Each structure stands twice: as structure tokens, then as C-alpha cells.
Amino acid sequence: MPRGVPVATVAVVLAVAAIVGAALYRFAPGDMKKMHAPGWLTDGDPFPAGLPFAPSWALWGIIIMSMWGVGQMAVIYLAKLQDVPVELYEAAEIDGAGAWRKFRNITLPMISPAMFFMFVMGLIHALQVFTQAYLVTQGGPVNSTLFYVLYLYREAFENLHMGYASAMAWVLFIVILAITGVQFVLARRWVYYEGAQR
């Protein structure tokens with residue numbers, strides 16, 4: 001694998017983050033200034049200003065806080081990228097393949113197991129968001145960060161509706177099991193395992 005690829009990837013991610021930050025500041029300058037005032041996670045004002053159906057700043061705070069997990073995904077992808085044999089790139093260059101063809105026909109298939117793993121784990125994690133919302137906003141303001149598992153916790157340990165909470169937990173388990181099963185079935189079409197018989 002050429003040494004410049006991970007550095008280029010980091011540069012692209014940083015550039016996208018800078019563009020998103022600039023766009024957020026450009027389209028909501030009044031809301032961005034509220035971040036310096038106390039209580040900006042619980043004020044309930046919509047984002048961007050003037051759209052009553054948009055999520056509040058509290059939800060954006062949870063989303064930004066969850067970006068801490070990007071580092072471990074980057075480590076997994078980097079490890080898988082270093083596992084791609086350099087000989088494949090050399091053979092593709094001899095055959096006249098450009099950068100896009102090498103990425104599409106070599107890099108993506110070779111890192112597809114890591115992509116599949118991160119996709120499955122990311123969806124399971126997204127369906128089980130609890131800690132961030134419980135610690136930072138406790139479901140507010142106006143239930144904008146009341147995720148399913150936080151609601152389950154409230155029903156079980158605050159309202160003492162144990163039967164209802166147990167049923168909710170079983171529903172969550174069945175939904176996660178169904179989504180994961182569908183992903184495993186669909187993975188046969190796009191995930192490539194080196195040396196596996198088809």
C-alpha cells in the first residue's frame with residue numbers, strides 16, 4: 001500500500017470537517033453564538049433558526065459527542081488497509097489501471113470485511129444509545145434526545161413498569177437480530193473474504 005494513502009485520507013476527513021463546521025456557522029450564526037452561553041444544551045431552540053421541525057442543539061451535541069468513536073473505526077480501517085497486498089496494486093498499474101480503478105477493484109473488496117464489521121457494529125450501537133443522552137441531557141429538551149434505550153430505562157427504573165420495559169427490551173433484541181440477519185444475507189453479495197470458497 002502506498003504510504004501517502006492514510007495521510008490523504010486524514011486530510012480529506014479534516015477538510016470535510018472544516019467545510020461542515022463552516023457551513024454550520026454560516027447558516028446559523030445566532031445559534032452558534034448560543035454555544036458560549038450556559039444551558040445551550042437544554043434551551044430547546046431549533047437548528048437552524050426558523051425551522052420548527054429541526055432538531056434542537058441538544059441532539060447536535062449528542063451527535064458531536066458520539067464522534068469520539070471515529071478514532072477506533074479509523075484504527076480498524078487503517079489496519080485493514082495495511083493488510084492489502086502491494087502486489088495487487090503493482091499488477092493493476094502494469095495493466096494500466098488508474099487510481100479510481102485500483103480503489104474500486106482492489107481496495108474496496110479487500111477492506112470489505114472491515115467495512116461490514118463496522119457497519120454491523122455501528123447500527124447496533126446506534127440502536128442502543130443511552131449513556132450520552134442520560135448523562136448530558138436526560139432526554140430533554142422536550143424529549144428531543146429521548147432515545148429508545150433511555151425510554152426503556154425510565155419505564156423500568158423510574159416508573160417501575162418492569163413488564164413493559166421487558167417487552168421493549170425483547171422488541172429491541174428482535175429488531176437488532178432482524179437487521180443483523182438481513183445484513184449478513186446481503187453481505188454475501190459485496191463482502192470479499194480472501195481465500196474463501198464461493
Calculate, for Ala167 and Phe117, the FRET efficiency according to 1/(1 + (r/R0)^6) with r their C-beta to C-beta distance and R0 30 Å; round to the nearest 0.05. 0.50
Highest mean first, how do 131-138, 166-173, 147-154 rank when packing is the count of other Cβ atoms within 10 Å averaged over residues? 147-154, 131-138, 166-173
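Here, each number is a calculation from the coordinates, and none is a lab measurement. What you see is a predicted model, and the numbers here were worked out from it, not measured in a lab. For neighbour counting, all protein chains shown are included, and Cβ atoms are generated from backbone atoms with ideal geometry for every residue, glycine included.
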